[in-house]
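Q: This is the structure I want to talk about, given as structure tokens.
The values are calculated or read from the model by the stated rules, or taken from the named source; none is laboratory data. Here the structure is a predicted model, which means the values were calculated and not measured. Note that we place each Cβ from the backbone using ideal geometry, even for glycine, and neighbour counts take in every protein chain shown. The accessibility values were calculated without ligands, DNA or RNA, using every heavy atom of the protein model including side chains. Shrake-Rupley method; radii C 1.70, N 1.55, O 1.52, S 1.80 Å.
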Amino acid sequence: MGGKVQIFDTTLRDGEQVPGCGLNKKEKIIITEALEELGVDIIEAGFPISSPGDFESVKAIAETVNNATVCALSRAVKKDIECAAESLRKAKYPRIHTGIGTSDQHVFTKLKISKEKVLEKARDCVSYAKKFVDDVEFYAEDAGRTDNDFLAQVIQEAVKAGATVVNIPDTTGYCLPEEYGQKIKYLVDHVDGIENVTISTHCHNDLGLSTANSIAGIQNGARQIECTINGVGERAGNTSLEEVVMVMRKHKGLNFDTNINTQNLYPISRLVSETMNMPVQANKAIVGSNAFAHSSGIHQDGVIKNRDNYEIIDPAEVGVNKSSIILTARSGRAALNFRLGQIGVVLNKSELEETYQRFLRLADDINVVDDPELKELVGAYAHITV
Ligand code: KIV
Ligand code: ZN
């Protein structure tokens, strides 16, 4: 168990599908370059058949990328696959990602075909894509709600037809972690030849379980995680890249490793947020603006004494300058003294006490006390500023 987990970034495909998050070619290239620096293994560049603009973007990304595999999405349709292949012509490491819905819901109410036909299409789309590239990833859309026995039959067809990667999407974010993990295990146990292909997770976040489900996936045999920066994506989003990477890094006992340069996580989070015009919630794990901010007196006192009391990640590890002590009416004397020290003010005990009482009244009024207000507050002690 354990080993290297491939990070497949789909910010530019699944992430970019979000209304209002659309990117032009230039913006996609900027993000592509940042993704390469981050160290992702696969960049899903787009869905080329969807529009001429997307086709051109995938083509430009394929020409730009040096080390990562560039992937293009297609349905199990010949003209989609041809278009994906054409867009990837200049890629050093091209991958076509093709597939079909497999749950009863998708088969009977979306595709409106028989299950036998699904098996045939799974086989055919992989065989057709293999005519253009060696590296073919097959997805079983809505695998999360697909009966495991039928899913294994579909994946068996894809493996026999030469798929190099099989993607098991929890398209609707429905699965519980144990259930999703068992699904991966079921495929490991029931599909002949699956040991020669990479199993991939692709979990959506409708119930807030995408990170837990992806980790359950790798604990049961998957070795690729599909994810996006800041977890952007359809509806409640995709698995958040920064979260799964840091789970693996922090839980050394899991024995998993990635090629990600974690110091780039915060900078790329800001870049994607600004370029996509998609704010990151303040309390978002790893990259939210409050992820390393402490505001209650008890926590502040603990962090000032030893960061490890309340932080499991050194902010520098993910590219954040430092943890911050936010001064509010819940802060204690230790925090006030610490922040005064940061602006070069040293007070004796009675001066600190007197300032603290005035600070509390001010903080009750304005909520957060920043450096300018702090300087005003200690104006009377300006003579002892160091
Ligand atoms: O969520 C999903 O099922 C997908 C597939 C197209 C891979 O994005
Ligand atoms: Zn998806």
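Q: With an 8 Å Cα cut-off and a minimum separation of 6 or more residues, compute the relative contact order for the chain in percent.
A: Values: 783 pairs, mean separation 53.7, N = 386.
Relative contact order here is 14 percent.
Q: Something else: Just how far, in whole angstrom, is the range 238-298 from the range 323-377 if you go by their alpha carbon centroids?
A: 29 Å
Q: How do Val320, Val136 rank by accessible surface area computed with a 1.4 Å probe, from largest to smallest? Mind dumping the intermediate values first?
A: On the way: Val320 25, Val136 0 Å².
The residues order as Val320, Val136, largest area first.
Q: Based on the Cα coordinates of the range 322-386, what is the per residue volume of their convex hull in Å³?
A: On the way: hull volume 5.2 nm³, N = 65.
Normalising the Cα hull of the range 322-386 by residue number yields 79 Å³.
Q: Report, by chain and number, residues whose modeled amide H sits under 5 Å from the one on Gly332, excluding near sequence neighbours (fewer than 5 apart, same chain).
A: Long-range HN contacts for Gly332: Gly297.
Q: Using C-alpha positions alone, give me the convex hull volume of the chain per residue in cubic angstrom.
A: Working: hull volume 57.0 nm³, N = 386.
Expressed per residue, the convex hull around the Cα atoms of the chain is 148 Å³.
Q: Now a separate question. Counting other Cβ atoms within 10 Å of each Cβ, which trypsin sites (Lys or Arg not before Pro) in the range 60-124 have at most 11 and sit in a DSSP loop?
A: Values: sites: Arg75, Lys78, Lys79, Arg89, Lys90, Lys92, Arg95, Lys110, Lys112, Lys115, Lys117, Lys121, Arg123; in loops: Arg89, Lys90, Lys92, Lys112.
When the trypsin sites (Lys or Arg not before Pro) of the range 60-124 are filtered for loop state and at most 11 Cβ neighbours within 10 Å, Lys112 remain.
Q: Arrange the peptides 59-66, 210-217, 169-176 so that the one whose residues have, on average, the most other Cβ atoms within 10 Å appears first. Walk me through the numbers on the way to the answer.
A: Values: 59-66: 18.9, 210-217: 26.6, 169-176: 21.5.
Final packing ranking: 210-217, 169-176, 59-66.
Q: Using a 1.4 angstrom probe on the protein heavy atoms only, could you order Leu35, Leu119 from most to least accessible area? Provide the component values of the computation, followed by the final result.
A: Values: Leu35 0, Leu119 35 Å².
Result of the area sort, largest leading: Leu119, Leu35.
Q: How about the range 311-381: which GluC sites (Glu not before Pro) there are in a DSSP loop, with at most 16 other Cβ atoms within 10 Å of their Cβ?
A: On the way: sites: Glu311, Glu317, Glu351, Glu353, Glu354, Glu373, Glu376; in loops: Glu311.
Qualifying residues, ordered by number: Glu311.
Q: Taking only C-alpha pairs under 8 Å that are 6+ residues apart, what is the relative contact order of the range 2-123 in percent?
A: Working: 195 pairs, mean separation 24.0, N = 122.
It comes to 20 percent, rounded to a whole number.
Q: Could you tell me what percent of the accessible area of the chain is made up of carbon and sulfur, with a 1.4 Å probe and every protein chain present?
A: Working: 8310 of 17060 Å².
Taking all protein chains in place, the chain shows 49 percent carbon and sulfur surface.
Q: Moving on to the next point. Just the Cα atoms of the range 69-110: what Rg and Dmax do they give in Å?
A: Answer for the range 69-110, Rg first and Dmax second: 12.7, 39 Å.
Q: Let me ask something else. In whole angstrom, how long is each semi-axis of the equivalent ellipsoid of the range 210-294, when you take the square root of 5 times every eigenvalue of its Cα gyration tensor and sort them from largest down? The partial results should precede the final answer.
A: Values: eigenvalues 98, 44, 27 Å².
They are 22, 15, 12 Å, listed from largest to smallest.
Q: For the range 183-270, what's the relative contact order in percent, using C-alpha pairs closer than 8 Å and at least 6 residues apart? Mind showing how you got there, number by number?
A: Details: 107 pairs, mean separation 21.0, N = 88.
The value is 24 percent.
Q: Quick one: grab the alpha carbon gyration tensor of the range 164-215, order the square roots of its eigenvalues as a ≥ b ≥ c, and give me rounded if a/c is under 1.5, else prolate or oblate depending on whether a/b is larger than b/c. Before the final figure, lay out the partial values.
A: Details: a/c = 2.81, a/b = 1.93, b/c = 1.46.
Judged from the Cα gyration tensor, the range 164-215 comes out prolate (a/c at least 1.5, a/b above b/c).
Q: Please sort by residue number the trypsin sites (Lys or Arg not before Pro) in the range 228-283 whose DSSP state is loop and whose Cβ has at most 12 other Cβ atoms within 10 Å. Please list the in-between numbers first.
A: Details: sites: Arg235, Arg249, Lys250, Lys252, Arg270; in loops: Arg235.
Of the trypsin sites (Lys or Arg not before Pro), the ones in loops of the range 228-283 whose Cβ has at most 12 other Cβ atoms within 10 Å are Arg235.
Q: Mind listing the long-range amide H neighbours of Val345? Cut-off is under 5 Å, sequence gap 5 or more, other chains count too, H placed in the peptide plane at 1.01 Å from N.
A: Under 5 Å from the amide H of Val345 lie the amide H atoms of Val386, each far enough along the sequence or on another chain.
Q: Can you report the principal axis dimensions of the range 204-258 using only the alpha carbons, biggest first, rounded to whole angstrom?
A: Extents along the principal axes: 32, 19, 16 Å.
Q: Let me ask you something else. Report Rg (one decimal) and Dmax (nearest whole number) for the range 1-115, counting Cα atoms only, units Å.
A: In order Rg, Dmax, the Cα atoms of the range 1-115 give 15.1, 45 Å.
Q: What fraction, in whole percent, of alpha-carbon pairs in the range 157-287 exceed 18 Å separation? Working shown, then result.
A: Details: 4660 of 8515 pairs.
Of all Cα-Cα distances in the range 157-287, 55 percent exceed 18 Å.
Q: At a temperature of 4 °C and a viscosity of 1.567 mPa s, determine how fast the range 131-219 diffuses translationally according to Stokes-Einstein, using the Kirkwood radius over alpha-carbon pairs as Rh; express D in µm²/s, rounded to the nearest whole number.
A: On the way: Rh = 12.9 Å.
Once the numbers are plugged in, D ends up at 101 µm²/s.
Q: Can you give me the accessible area per residue for the chain, using a 1.4 Å probe, in Å²? Walk me through the numbers before you get to the answer.
A: Numbers: 17060 Å² over 386 residues.
Result: 44 Å² of accessible area for each residue.
Q: Let me test this: with uniform point scatterers at the alpha carbons of the range 234-386, what is the Debye-based log₁₀ I(q)/I(0) at q = 0.13 1/Å?
A: Debye intensities relative to I(0), on a log10 scale: -0.72.
Q: Going by Cα centres, the range 1-48 and the range 138-198 are how many Å apart?
A: Taking the Cα centre of each part, the range 1-48 and the range 138-198 sit 23 Å apart.
Q: With +1 on the Cβ of every Lys and Arg and -1 on the Cβ of every Asp and Glu, and nothing else charged, how large is the dipole of the range 162-252 about its Cα centre, in debye rounded to the nearest 20? Don't skip to the answer; put the middle values down first.
A: Details: 7 positive and 11 negative charges, 65 e Å.
With Lys and Arg at +1 and Asp and Glu at -1, about 320 debye.
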